[in-house]
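The values are calculated or read from the model by the stated rules, or taken from the named source; none is laboratory data. Model, not experiment: these values are computed from the prediction. Counting neighbours? That spans all protein chains shown, and the Cβs are built from the backbone with ideal geometry, glycine included. In case anyone asks, the SASA skips ligands and DNA or RNA and just uses the protein heavy atoms, side chains included. Shrake-Rupley method; radii C 1.70, N 1.55, O 1.52, S 1.80 Å.
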Amino acid sequence: MTDKFLQMNRRLLLKTGAAAGAAGLFAPSLLRAQGAYPNRNINIVIATGQGGGAETTARCFTNVLRTDLGVDFEYEFHPGAGGQVGYELYAFKRDRDGYNLLYSNMHPEIITYATQNPGYKLPGDIIHFAKTGGTPIVIYVGANSPFQSLEQLVDEAKKRTVTVATSRLPHPGSIGVLALGEAQGADFNLIPFGGGNPTSMAAITGETDCAVLTAGVAISLGEQVRVLGTFRDVPEFNAMMNNAPTVNSVFGTTIPDLELSQGWAMHTEVWENMPEVRERLVTSIKATFTNPELKKQFEAANYPYDGIEYGDETVCGEIVKNTTELAQRYADRLRDS
(Lines give C-alpha, C1' and ligand atoms only; values in the text may rest on other atoms or scores of the structure.)
Protein backbone atom coordinates (compact mmCIF):
# COMPACT_ATOMS: atom_id res chain seq x y z
CA MET A 1 0.00 0.00 0.00
CA THR A 2 2.75 2.40 0.92
CA ASP A 3 4.69 1.79 -2.32
CA LYS A 4 1.55 2.20 -4.37
CA PHE A 5 0.68 5.45 -2.53
CA LEU A 6 4.17 6.86 -3.15
CA GLN A 7 4.02 5.92 -6.83
CA MET A 8 0.66 7.69 -7.19
CA ASN A 9 1.97 10.86 -5.53
CA ARG A 10 5.14 10.75 -7.63
CA ARG A 11 3.05 10.57 -10.81
CA LEU A 12 0.86 13.43 -9.55
CA LEU A 13 3.88 15.61 -8.84
CA LEU A 14 5.36 14.88 -12.25
CA LYS A 15 2.10 15.74 -13.98
CA THR A 16 1.70 18.94 -11.95
CA GLY A 17 5.29 19.95 -12.65
CA ALA A 18 4.90 19.29 -16.36
CA ALA A 19 1.73 21.37 -16.44
CA ALA A 20 3.43 24.21 -14.62
CA GLY A 21 6.39 24.03 -16.98
CA ALA A 22 4.10 24.14 -19.99
CA ALA A 23 2.22 27.11 -18.54
CA GLY A 24 5.49 28.95 -18.06
CA LEU A 25 6.68 28.07 -21.54
CA PHE A 26 3.48 28.94 -23.36
CA ALA A 27 2.03 31.57 -21.00
CA PRO A 28 0.33 34.43 -22.85
CA SER A 29 1.54 37.98 -22.46
CA LEU A 30 -1.31 38.54 -20.00
CA LEU A 31 0.42 36.29 -17.46
CA ARG A 32 3.82 37.86 -18.00
CA ALA A 33 2.43 41.29 -17.18
CA GLN A 34 0.74 40.23 -13.94
CA GLY A 35 1.96 41.61 -10.66
CA ALA A 36 2.81 45.14 -9.67
CA TYR A 37 2.71 47.23 -12.81
CA PRO A 38 5.00 48.69 -13.91
CA ASN A 39 8.05 46.98 -12.46
CA ARG A 40 10.50 47.70 -15.29
CA ASN A 41 11.12 50.33 -17.95
CA ILE A 42 8.49 50.99 -20.62
CA ASN A 43 9.44 51.05 -24.30
CA ILE A 44 8.03 53.77 -26.59
CA VAL A 45 7.78 53.23 -30.35
CA ILE A 46 7.49 56.34 -32.54
CA ALA A 47 6.71 55.94 -36.23
CA THR A 48 8.67 59.05 -37.28
CA GLY A 49 12.31 60.04 -37.21
CA GLN A 50 14.21 61.02 -34.11
CA GLY A 51 14.17 64.69 -33.20
CA GLY A 52 10.68 65.47 -34.47
CA GLY A 53 7.64 66.94 -32.75
CA ALA A 54 6.33 63.53 -31.68
CA GLU A 55 9.51 62.77 -29.77
CA THR A 56 9.59 66.19 -28.12
CA THR A 57 5.97 65.95 -26.97
CA ALA A 58 6.29 62.35 -25.82
CA ARG A 59 9.41 63.13 -23.76
CA CYS A 60 7.67 66.09 -22.11
CA PHE A 61 4.97 63.68 -20.96
CA THR A 62 7.26 60.83 -19.94
CA ASN A 63 9.46 63.22 -17.95
CA VAL A 64 6.38 63.74 -15.76
CA LEU A 65 5.05 60.18 -15.96
CA ARG A 66 8.30 58.61 -14.77
CA THR A 67 7.84 60.17 -11.32
CA ASP A 68 4.35 58.78 -10.91
CA LEU A 69 5.01 55.36 -12.43
CA GLY A 70 8.43 54.91 -10.84
CA VAL A 71 10.09 53.61 -14.00
CA ASP A 72 11.94 55.13 -16.92
CA PHE A 73 11.11 55.12 -20.63
CA GLU A 74 13.16 53.93 -23.58
CA TYR A 75 12.58 55.17 -27.14
CA GLU A 76 12.89 53.68 -30.60
CA PHE A 77 12.14 55.37 -33.93
CA HIS A 78 10.92 53.72 -37.10
CA PRO A 79 10.04 56.27 -39.81
CA GLY A 80 8.78 55.36 -43.24
CA ALA A 81 5.65 55.12 -45.39
CA GLY A 82 3.73 57.74 -43.43
CA GLY A 83 3.91 55.74 -40.21
CA GLN A 84 3.17 52.33 -41.68
CA VAL A 85 6.67 50.97 -40.95
CA GLY A 86 6.51 51.88 -37.28
CA TYR A 87 2.94 50.71 -36.81
CA GLU A 88 3.58 47.31 -38.38
CA LEU A 89 6.70 46.82 -36.30
CA TYR A 90 4.83 47.78 -33.14
CA ALA A 91 1.78 45.65 -33.94
CA PHE A 92 3.60 42.45 -34.79
CA LYS A 93 7.16 42.60 -33.44
CA ARG A 94 6.77 44.09 -29.98
CA ASP A 95 5.52 42.07 -27.02
CA ARG A 96 1.91 42.56 -26.05
CA ASP A 97 2.78 42.79 -22.38
CA GLY A 98 1.96 46.36 -21.36
CA TYR A 99 5.61 47.40 -21.52
CA ASN A 100 5.45 48.59 -25.11
CA LEU A 101 3.53 51.73 -26.07
CA LEU A 102 3.14 53.68 -29.29
CA TYR A 103 3.21 57.47 -29.40
CA SER A 104 1.31 58.59 -32.46
CA ASN A 105 0.86 61.51 -34.82
CA MET A 106 -2.72 60.42 -35.01
CA HIS A 107 -4.39 62.06 -38.02
CA PRO A 108 -1.58 61.59 -40.59
CA GLU A 109 -0.90 58.02 -39.48
CA ILE A 110 -4.60 57.14 -39.54
CA ILE A 111 -4.79 58.54 -43.09
CA THR A 112 -1.91 56.25 -44.05
CA TYR A 113 -3.81 53.33 -42.56
CA ALA A 114 -6.98 54.25 -44.43
CA THR A 115 -5.36 54.77 -47.83
CA GLN A 116 -2.62 52.11 -47.91
CA ASN A 117 -4.46 49.07 -46.52
CA PRO A 118 -1.57 47.79 -44.36
CA GLY A 119 -1.55 44.49 -42.50
CA TYR A 120 -2.53 45.89 -39.09
CA LYS A 121 -6.00 46.98 -38.01
CA LEU A 122 -7.12 50.09 -36.15
CA PRO A 123 -8.43 49.48 -33.54
CA GLY A 124 -8.23 45.71 -34.06
CA ASP A 125 -4.48 45.44 -33.42
CA ILE A 126 -3.70 48.90 -32.05
CA ILE A 127 -6.00 51.18 -30.07
CA HIS A 128 -5.44 54.90 -29.53
CA PHE A 129 -6.51 55.49 -25.95
CA ALA A 130 -5.26 58.92 -24.83
CA LYS A 131 -5.10 62.03 -26.96
CA THR A 132 -2.52 64.47 -25.62
CA GLY A 133 -3.31 67.47 -27.79
CA GLY A 134 -3.69 68.84 -31.26
CA THR A 135 -3.25 71.86 -33.48
CA PRO A 136 -6.25 72.87 -35.63
CA ILE A 137 -5.99 72.74 -39.41
CA VAL A 138 -6.51 76.11 -41.12
CA ILE A 139 -6.84 77.54 -44.61
CA TYR A 140 -4.70 80.62 -45.18
CA VAL A 141 -3.55 82.93 -47.97
CA GLY A 142 -0.65 85.30 -48.47
CA ALA A 143 -1.03 88.83 -47.17
CA ASN A 144 -1.29 90.16 -50.73
CA SER A 145 -3.93 87.66 -51.79
CA PRO A 146 -7.18 89.10 -53.21
CA PHE A 147 -9.15 86.63 -51.09
CA GLN A 148 -10.40 88.18 -47.89
CA SER A 149 -12.77 85.43 -46.76
CA LEU A 150 -13.59 81.77 -47.10
CA GLU A 151 -16.71 82.67 -49.06
CA GLN A 152 -14.64 84.49 -51.69
CA LEU A 153 -12.24 81.57 -51.98
CA VAL A 154 -15.02 79.01 -52.40
CA ASP A 155 -16.91 81.22 -54.87
CA GLU A 156 -13.76 81.39 -56.97
CA ALA A 157 -13.37 77.61 -56.78
CA LYS A 158 -16.85 77.27 -58.26
CA LYS A 159 -15.65 79.18 -61.31
CA ARG A 160 -12.19 77.66 -61.78
CA THR A 161 -9.75 75.27 -60.15
CA VAL A 162 -8.27 76.85 -57.05
CA THR A 163 -4.79 75.58 -56.17
CA VAL A 164 -4.07 74.58 -52.58
CA ALA A 165 -0.54 74.08 -51.22
CA THR A 166 -0.13 71.29 -48.69
CA SER A 167 2.94 69.75 -47.09
CA ARG A 168 1.99 66.29 -48.36
CA LEU A 169 -1.10 64.74 -49.91
CA PRO A 170 -1.95 62.33 -47.04
CA HIS A 171 -2.65 65.13 -44.54
CA PRO A 172 -5.68 66.13 -42.45
CA GLY A 173 -5.73 69.48 -44.24
CA SER A 174 -6.03 67.69 -47.55
CA ILE A 175 -9.13 65.73 -46.57
CA GLY A 176 -10.64 68.89 -45.10
CA VAL A 177 -10.25 70.83 -48.34
CA LEU A 178 -11.57 67.94 -50.42
CA ALA A 179 -14.59 67.58 -48.12
CA LEU A 180 -15.27 71.31 -48.38
CA GLY A 181 -15.01 71.19 -52.15
CA GLU A 182 -17.40 68.25 -52.35
CA ALA A 183 -19.93 69.91 -50.05
CA GLN A 184 -19.88 73.24 -51.91
CA GLY A 185 -19.39 72.06 -55.48
CA ALA A 186 -16.00 73.76 -55.57
CA ASP A 187 -12.86 72.55 -57.38
CA PHE A 188 -9.68 72.44 -55.33
CA ASN A 189 -6.40 71.04 -56.64
CA LEU A 190 -3.98 69.87 -53.95
CA ILE A 191 -0.28 70.47 -54.62
CA PRO A 192 2.22 68.87 -52.19
CA PHE A 193 5.35 70.89 -51.43
CA GLY A 194 7.21 68.50 -49.13
CA GLY A 195 7.22 70.48 -45.91
CA GLY A 196 5.71 73.38 -44.01
CA ASN A 197 8.08 76.13 -45.18
CA PRO A 198 7.75 75.56 -48.93
CA THR A 199 4.00 75.10 -48.49
CA SER A 200 3.67 78.48 -46.82
CA MET A 201 5.96 80.18 -49.30
CA ALA A 202 3.76 78.96 -52.15
CA ALA A 203 0.82 80.82 -50.65
CA ILE A 204 2.83 83.90 -49.66
CA THR A 205 4.35 84.34 -53.12
CA GLY A 206 1.11 83.58 -54.93
CA GLU A 207 2.40 80.39 -56.52
CA THR A 208 -0.80 78.81 -55.21
CA ASP A 209 -4.10 80.44 -54.34
CA CYS A 210 -3.98 79.31 -50.72
CA ALA A 211 -2.45 76.80 -48.33
CA VAL A 212 -3.76 74.38 -45.74
CA LEU A 213 -1.67 73.43 -42.70
CA THR A 214 -1.73 73.72 -38.93
CA ALA A 215 -2.69 76.85 -37.05
CA GLY A 216 0.75 76.84 -35.43
CA VAL A 217 2.46 77.25 -38.80
CA ALA A 218 0.11 80.02 -39.91
CA ILE A 219 0.42 81.88 -36.62
CA SER A 220 4.22 81.72 -36.76
CA LEU A 221 4.14 83.56 -40.10
CA GLY A 222 2.52 86.62 -38.57
CA GLU A 223 1.46 89.32 -41.00
CA GLN A 224 2.81 87.41 -44.00
CA VAL A 225 -0.43 85.42 -44.15
CA ARG A 226 -4.13 85.79 -43.49
CA VAL A 227 -6.08 82.88 -41.98
CA LEU A 228 -9.45 82.53 -43.67
CA GLY A 229 -10.89 79.68 -41.65
CA THR A 230 -10.26 76.76 -39.34
CA PHE A 231 -11.44 73.16 -39.27
CA ARG A 232 -11.61 73.10 -35.47
CA ASP A 233 -12.74 75.72 -32.97
CA VAL A 234 -10.04 76.16 -30.29
CA PRO A 235 -10.25 79.51 -28.46
CA GLU A 236 -6.53 79.61 -27.62
CA PHE A 237 -5.67 79.46 -31.31
CA ASN A 238 -8.61 81.57 -32.52
CA ALA A 239 -7.37 84.51 -30.48
CA MET A 240 -4.06 84.38 -32.37
CA MET A 241 -5.75 84.21 -35.79
CA ASN A 242 -8.04 87.26 -35.60
CA ASN A 243 -10.86 84.90 -34.63
CA ALA A 244 -11.02 83.24 -38.02
CA PRO A 245 -14.36 81.39 -38.39
CA THR A 246 -14.79 77.66 -38.58
CA VAL A 247 -15.50 76.18 -41.99
CA ASN A 248 -18.67 74.58 -40.68
CA SER A 249 -20.02 77.84 -39.25
CA VAL A 250 -19.53 79.64 -42.56
CA PHE A 251 -21.07 77.03 -44.84
CA GLY A 252 -23.29 74.99 -42.53
CA THR A 253 -21.26 71.87 -43.32
CA THR A 254 -20.68 68.96 -40.95
CA ILE A 255 -17.03 68.21 -41.67
CA PRO A 256 -15.47 66.48 -38.62
CA ASP A 257 -12.99 68.46 -36.55
CA LEU A 258 -9.59 68.24 -38.19
CA GLU A 259 -6.27 68.85 -36.53
CA LEU A 260 -2.76 67.51 -36.30
CA SER A 261 -3.24 65.49 -33.12
CA GLN A 262 -0.99 63.29 -31.05
CA GLY A 263 -1.61 60.63 -28.47
CA TRP A 264 -0.84 57.33 -26.83
CA ALA A 265 -1.71 53.93 -28.28
CA MET A 266 -1.20 50.34 -27.18
CA HIS A 267 -1.91 46.82 -28.34
CA THR A 268 -5.68 46.24 -28.30
CA GLU A 269 -5.05 42.87 -26.65
CA VAL A 270 -3.44 44.63 -23.70
CA TRP A 271 -6.21 47.23 -23.49
CA GLU A 272 -8.92 44.57 -23.41
CA ASN A 273 -7.27 41.85 -21.32
CA MET A 274 -5.01 43.64 -18.84
CA PRO A 275 -7.18 46.00 -16.78
CA GLU A 276 -4.40 46.64 -14.26
CA VAL A 277 -2.16 47.97 -17.04
CA ARG A 278 -4.93 49.95 -18.71
CA GLU A 279 -6.13 51.62 -15.52
CA ARG A 280 -2.64 52.40 -14.24
CA LEU A 281 -1.58 54.05 -17.48
CA VAL A 282 -4.82 55.97 -18.02
CA THR A 283 -4.83 57.28 -14.45
CA SER A 284 -1.21 58.41 -14.68
CA ILE A 285 -1.58 60.01 -18.12
CA LYS A 286 -4.70 61.91 -17.06
CA ALA A 287 -2.87 63.19 -13.97
CA THR A 288 -0.12 64.75 -16.09
CA PHE A 289 -2.53 67.31 -17.51
CA THR A 290 -3.15 68.84 -14.09
CA ASN A 291 0.50 68.63 -13.06
CA PRO A 292 2.23 72.06 -13.36
CA GLU A 293 5.44 70.24 -14.21
CA LEU A 294 4.08 69.34 -17.66
CA LYS A 295 3.95 72.95 -18.82
CA LYS A 296 7.46 73.49 -17.44
CA GLN A 297 8.68 70.56 -19.51
CA PHE A 298 7.27 72.13 -22.68
CA GLU A 299 8.80 75.49 -21.80
CA ALA A 300 12.17 73.87 -21.15
CA ALA A 301 11.97 72.18 -24.55
CA ASN A 302 10.99 75.51 -26.14
CA TYR A 303 7.94 73.78 -27.61
CA PRO A 304 4.40 75.19 -27.82
CA TYR A 305 2.05 74.22 -25.01
CA ASP A 306 -1.06 75.59 -26.74
CA GLY A 307 -3.43 72.82 -27.74
CA ILE A 308 -2.35 70.37 -25.05
CA GLU A 309 -5.54 68.66 -23.91
CA TYR A 310 -6.67 65.24 -22.77
CA GLY A 311 -8.99 63.04 -24.79
CA ASP A 312 -10.02 59.58 -23.66
CA GLU A 313 -10.43 56.40 -25.70
CA THR A 314 -13.88 57.55 -26.88
CA VAL A 315 -12.43 60.78 -28.28
CA CYS A 316 -9.62 58.82 -29.91
CA GLY A 317 -12.10 56.35 -31.34
CA GLU A 318 -14.06 59.16 -32.99
CA ILE A 319 -10.86 60.55 -34.49
CA VAL A 320 -9.97 57.14 -35.92
CA LYS A 321 -13.48 56.57 -37.27
CA ASN A 322 -14.02 60.01 -38.81
CA THR A 323 -10.54 60.32 -40.26
CA THR A 324 -10.62 56.82 -41.71
CA GLU A 325 -13.98 57.43 -43.39
CA LEU A 326 -12.89 60.74 -44.94
CA ALA A 327 -9.52 59.40 -46.04
CA GLN A 328 -11.09 56.35 -47.67
CA ARG A 329 -13.55 58.57 -49.52
CA TYR A 330 -10.71 60.54 -51.08
CA ALA A 331 -8.10 57.77 -51.14
CA ASP A 332 -7.26 58.12 -54.82
CA ARG A 333 -6.46 61.83 -54.44
CA LEU A 334 -4.51 61.37 -51.22
CA ARG A 335 -2.02 58.77 -52.39
CA ASP A 336 1.40 60.27 -53.06
CA SER A 337 2.46 59.78 -56.66
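Between L228 and I139, Y140, V141, the built amide H atoms are under 5 Å apart, and every one of these is 5 or more places off in sequence or on another chain.
Between T283 and R329, the modelled label-to-label distance comes to 4.1 nm, taking each label 7 Å out from Cα in the direction of the beta carbon.
One chain, two ends: Y305 and A239. Fully extended at 0.36 nm per residue, the span grows by 22.3 nm beyond their Cα-Cα distance.
Determine the share of the chain's accessible area contributed by carbon and sulfur atoms, expressed in whole percent, with a 1.4 angstrom probe.
Numbers: 7810 of 15530 Å².
For the chain, the apolar C and S fraction of the accessible surface comes to 50 percent.
Taken along the Cα-to-beta-carbon direction at a fixed 7 Å, the label points for E151 and T56 span 3.8 nm. Loop exposure criterion: trypsin sites (Lys or Arg not before Pro), DSSP state outside H, G, I, E and B, at most 15 other Cβ atoms within 10 Å. Applied to the chain, the longest stretch between such sites is 161-334. Projecting the Cα atoms of L178, F298, A218 onto the dipole axis of the chain, where Lys and Arg carry +1 and Asp and Glu carry -1 at the beta carbon, places F298 farthest toward the positive end. Dipole magnitude for the stretch 92-183: computed about the Cα centre from +1 point charges on Lys and Arg Cβ and -1 point charges on Asp and Glu Cβ, it is near 180 debye.
Could you let me know the centre-to-centre spacing of the stretch 167-183 and the stretch 267-301, using Cα atoms, in angstrom? Comparing the Cα centres of the stretch 167-183 and the stretch 267-301, I get a distance of 31 Å.
Taking the charge dipole of the chain about its Cα centre, with +1 at Lys and Arg Cβ atoms and -1 at Asp and Glu Cβ atoms, the residue from A203, A327, P256 reaching farthest to the positive side is A327. Here the extension length gained between D187 and D95 equals 28.4 nm, from 0.36 nm per residue of separation less the Cα-Cα distance. Remark: the stretch 141-246 carries a charge dipole of roughly 140 debye about the Cα centre, counting +1 on each Lys and Arg Cβ and -1 on each Asp and Glu Cβ. Taking each residue as 0.36 nm, the span from T314 to S220 lengthens on full extension beyond its C-alpha to C-alpha distance by 30.7 nm.
Can you check what the net charge comes to around A58, using other residues whose Cβ is under 15 Å from the Cβ of A58 (Lys, Arg +1; Asp, Glu -1)? Local net charge: -2.
With a probe of 1.4 Å, find how much accessible area the chain has per residue, and write the answer as a whole number in Å².
Details: 15530 Å² over 337 residues.
That works out to 46 Å² for each residue.
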